[in-house]
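Everything below concerns the one structure shown next.
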Amino acid sequence: MRSLGWLVLAAIVACGGTVAVGGDAGDGGAPTDAIAKKDAKTIDVEPQPDAAPGGGLDVSDQGTGYESEDQIAVAPDGTIAILWQAFTQIAPYVAMNVTFSTDDGKTFSVPQPVELDPSLYPGDPAIAVDAQGNFWASYLGIDYQGQSVAYSRVYVAEAPKGSMKLGAP
């Protein structure tokens, strides 16, 4: 088991990841001796007057409700895409939206809902980007019968580089 731990550590460092030694591994101490990722790009977002509670940038503008399972991908040209699931108190009750930024996250496009069969509820968002800068979103379309899931379908949609919009799944 100890060998597996060293193997995982070596893989993280080899891929350019950051590893903290002796830090918050349940001991409550501050991370120390970090191995920094080479040429890491830091995205600095200045606080906005309409910032979300806690100092973040509100990209969803959904008002009341609960949002979760946010997924972020960054293209080689710096374009950022965020895909998330939202739960609201009014119909359709469950939604999934995507937004894009081309200025290092200072501003984001108006959130757009993903396309889905209207009889299904969206779930389990994931987003990735390929080397050409095309974003790929995947998500489930879930059919609920009462409190049980009758079936689910997998959807995949592309936002071609520069389009700032997911196409039909």
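Here are a few things to note about the model shown:
- Ordered by 1.4 Å accessible area with all protein chains kept, Trp84, Trp136 run largest first as Trp136, Trp84.
- Between Asp130 and Val74, residue separation times 0.36 nm minus the direct Cα-Cα distance comes to 19.2 nm.
- Phi to ³J(HN,Hα) by Karplus 6.51 cos²θ - 1.76 cosθ + 1.60 over region 130-147, Hz, x for Gly, Pro: 9, 5, 7, x, 7, 8, 10, 10, 10, 6, 9, x, 10, 9, 9, 10, x, 9
- Taking the average, over residues, of other Cβ atoms within 10 Å as the packing measure, peptides 140-146, 91-97 rank 91-97, 140-146 from highest down.
- Gyration tensor (alpha-carbon) shape descriptor, region 58-169, a/c threshold 1.5: oblate
- For Gly133, no residue has an amide H sitting under 5 Å from its own, ignoring neighbours fewer than 5 places away on the same chain, with H placed 1.01 Å from N.
- Loop sites in region 140-169: trypsin sites (Lys or Arg not before Pro), DSSP, at most 16 other Cβ within 10 Å: Lys161, Lys165
- Prolate/oblate/rounded label for region 118-169 (Cα gyration tensor, a/c 1.5): prolate
The values are calculated or read from the model by the stated rules, or taken from the named source; none is laboratory data. All figures in this text were calculated on a predicted structure; none of them were measured in a lab. Counting neighbours? That spans all protein chains shown, and the Cβs are built from the backbone with ideal geometry, glycine included. SASA here: full protein model, heavy atoms, side chains in, ligands and nucleic acids out. Shrake-Rupley method; radii C 1.70, N 1.55, O 1.52, S 1.80 Å.
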